[in-house]
Structure formats: structure tokens, C-alpha cells
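The values are calculated or read from the model by the stated rules, or taken from the named source; none is laboratory data. Since we're looking at a predicted model, the values are computed, not measured. Counting neighbours? That spans all protein chains shown, and the Cβs are built from the backbone with ideal geometry, glycine included.
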Amino acid sequence: MSNNGSIAPEWSVDQWLNTQGPYSLASMRGKVVMLHAFQMLCPGCVSHALPQAQRAWDMFSHDDLMVVGLHTVFEHHDAMTPTALKAFIHEYRLSFPIAIDTPGNNDYQPITMRDYTMRGTPSLVLIDRDGIIRRHGFGRIDDLMLGAELATLIATRKSSGESTEDDKQVASGCTDEVCALD
């Protein structure tokens, strides 16, 4: 079961679209990952979730944030084929990487959807730089709230002690009680 604060399980992907090669969570360590699970016939996905994912992809640096769409089909399997999805991506001008979730064995629920205990679509999972799930939401997520959460996660450095020159410069005048300009 995949909950906030737990390590994000690796994805099971049949095919990648909008990218030159496959991705894995391990290859994205050090970046914040925004996983948006959708179906192309889901009204909430089309009207809100996918435009939101595209705005995040366009707005934030890809060095800090990786936006990934996960087409996770649990109904209308005959209508939502990879060929139909490619046409959908083109028509809606989606430019972020999109993974096609691997169908489940002997049940309707795709593997990644099941591994993340998603209740349906749209579902949003935010994964921090260390691979820990920080948000697992179902349904519409407010843009302002999502932007604040992404900015906070992006501003937080990896727990491994990674720091930048700017961090070191700011931290040099700080104690437990105050931060003073040098």
C-alpha cells in the first residue's frame, strides 16, 4: 500500500510517449516528481488534471520537477488504445512524458494504479527528491495549493546533505535563533 511518507514503488509501464527513452523513479532521484494518473475518457482529467499537469511542466524547471502522466485504463479498454492515446496527446498538445500503465493480470486494475492504491482518475502523487510520497490525492486538486506544495518540495534539498553555493552563503550567518546578513 502506497501512503504519504512511504517510499514510492517503481512504475510498471508498457510504453512511453512524448519522450526519447523510458524513465524510472530511480533515474529521477534528486528531482521532485509529479505523477498525474489519468484516462483520456475521464471528464475531470480532460478538463482539469491534464491542463494542470501541462502548466506545471511548462512553468517549473525540468532540472527540479519531472511531470509524468500515467495513462491508467481500468474501463473502456477497447476504446483507450495506445493509438487512440497518441491522437489524444497530439490533439490536446500535451508535451510532458506519458507512461502507459501495464494492464493487471486477471483483474481490471492496472499494475501501477494498484501498487499506488489509486481510487480512480484523476489521481495525483507528489514524490520528493528522496523518492518519498508527499501527497497522494484523488480528484481535483486546487492549482494554488498544488503550486505551493511543488514550490515547497522543490525548495527542499535532498536529505543527503546536498547544498548549493547560495545555500552555503545564506547559512553562514545563521544560528539557531537568527540569520544575520554578513
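General remarks:
Residue-wise test of (1) modelled with pLDDT under 75; (2) closer than 27 Å to GLY44 by Cβ; (3) of a type outside the set (D, E, K, R); (4) touching a strand residue (DSSP E or B) at 6+ places or on another chain (Cβ under 8 Å).
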| residue | (1), (2), (3), (4) |
| --- | --- |
| ASN106 | yes, no, yes, no |
| MET113 | no, yes, yes, yes |
| TYR116 | no, yes, yes, yes |
| LEU124 | no, yes, yes, yes |
| ILE132 | no, yes, yes, yes |
| LEU146 | no, yes, yes, yes |
| THR156 | no, no, yes, no |
| ASP166 | yes, no, no, no |
| LEU181 | yes, no, yes, no |
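- Any chance ALA79 is more than 20 Å from the chain's Cα centre (by Cα), surrounded by fewer than 17 Cβ atoms within 10 Å (Cβ to Cβ) and modelled with pLDDT under 90: yes
- Against the numbered list (1) modelled with pLDDT under 90; (2) surrounded by 14 or more Cβ atoms within 10 Å (Cβ to Cβ), PRO9 comes up short only at (1).
- Residues (β-branched (Val, Ile, Thr) and in a loop (DSSP other than H, G, I, E, B)) located in the stretch 102-137: THR102, THR117, THR121
- Top-ranked residue in the stretch 54-68 [being part of a helix (DSSP H, G or I) and either hydrophobic (A, V, I, L, M, F, W, C) or within 13 Å of LYS31 (Cα to Cα) (or both); ranked as farthest from the chain's Cα centre (by Cα)]: MET59
- Qualifying residues in the stretch 35-53 (those that are in a loop (DSSP other than H, G, I, E, B) and either under 13 Å from the mean Cα position of the chain (by Cα) or free of Cβ contacts under 8 Å to residues at least 60 places away in the same chain (or both)) - the one surrounded by the fewest Cβ atoms within 10 Å (Cβ to Cβ): LEU41
- Checking every residue in the stretch 14-34 against the condition of being of a type in the set (D, E, K, R), assigned to a helix (DSSP H, G or I) and surrounded by fewer than 20 Cβ atoms within 10 Å (Cβ to Cβ) gives zero matches.
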